[in-house]
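The values are calculated or read from the model by the stated rules, or taken from the named source; none is laboratory data. Remember, predicted model here, so these are calculated numbers, not experimental data. Note that we place each Cβ from the backbone using ideal geometry, even for glycine, and neighbour counts take in every protein chain shown. Just so you know, the surface numbers come from the protein's heavy atoms only, side chains and all, with ligands and any DNA or RNA stripped out. Shrake-Rupley method; radii C 1.70, N 1.55, O 1.52, S 1.80 Å.
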Amino acid sequence: MDTLTVEILGTGCKKCHQLEENARRAIASLGIEAEILHITDPVEIAKRRVMSTPALVVNGKVVSKGKVISSEQIKPLFQS
């Protein structure tokens, strides 16, 4: 499997950090390689057409926005 590119979109709030931690847990439990980026620039977030944060982007596709999803909810998003 290729390395995943995972982006956390958000201004750096508590929810954004929690989403990043949940994504890291999902990656670790699946034993996959992933590059994790935390995008805080509002212009970059808007370019991805995300208006509510935190958001999770996997390989360029927005898979969740406006909420913190658990690592269990994230795992299937990494496997599809």
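Tell me whether the range 34-47 contains one or more residues that are under 13 Å from the mean Cα position of the chain (by Cα), of a type in the set (Gly, Ala, Ser) and open to solvent by 20 Å² or more (accessible area, probe 1.4 Å).
Step one: filter the range 34-47 for residues under 13 Å from the mean Cα position of the chain (by Cα), giving 34-40, 45.
Filter once more, so that each one left must be of a type in the set (Gly, Ala, Ser): 34.
So of that shortlist, the ones also open to solvent by 20 Å² or more (accessible area, probe 1.4 Å) come out as 34.
Yes, the conditions are met somewhere in the range 34-47.
The rows are residues; the columns are (1) basic (Lys, Arg); (2) modelled with pLDDT under 95; (3) touching a helix residue (DSSP H, G or I) at 6+ places or on another chain (Cβ under 9 Å).
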{"residue": "GLY12", "(1), (2), (3)": "no, yes, no"}
{"residue": "LYS15", "(1), (2), (3)": "yes, no, no"}
{"residue": "ASN22", "(1), (2), (3)": "no, no, yes"}
{"residue": "HIS38", "(1), (2), (3)": "no, no, yes"}
{"residue": "ARG49", "(1), (2), (3)": "yes, yes, no"}
{"residue": "LEU56", "(1), (2), (3)": "no, no, yes"}
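Do we find a residue being among the basic types (Lys, Arg) and over 12 Å from the mean Cα position of the chain (by Cα) anywhere in the range 50-70? Outline the logic, then answer.
Taking the range 50-70 as the starting set, the residues that turn out to be among the basic types (Lys, Arg) are 61, 65, 67.
Those still in the list that are over 12 Å from the mean Cα position of the chain (by Cα) too: none.
Checking the range 50-70: not a single residue is among the basic types (Lys, Arg) and over 12 Å from the mean Cα position of the chain (by Cα).
For LEU4, are the conditions met, namely being touching a residue at least 60 places away in the same chain (Cβ under 8 Å) and surrounded by fewer than 20 Cβ atoms within 10 Å (Cβ to Cβ)?
Details: touching a residue at least 60 places away in the same chain (Cβ under 8 Å): yes; surrounded by fewer than 20 Cβ atoms within 10 Å (Cβ to Cβ): yes.
Yes, satisfied.
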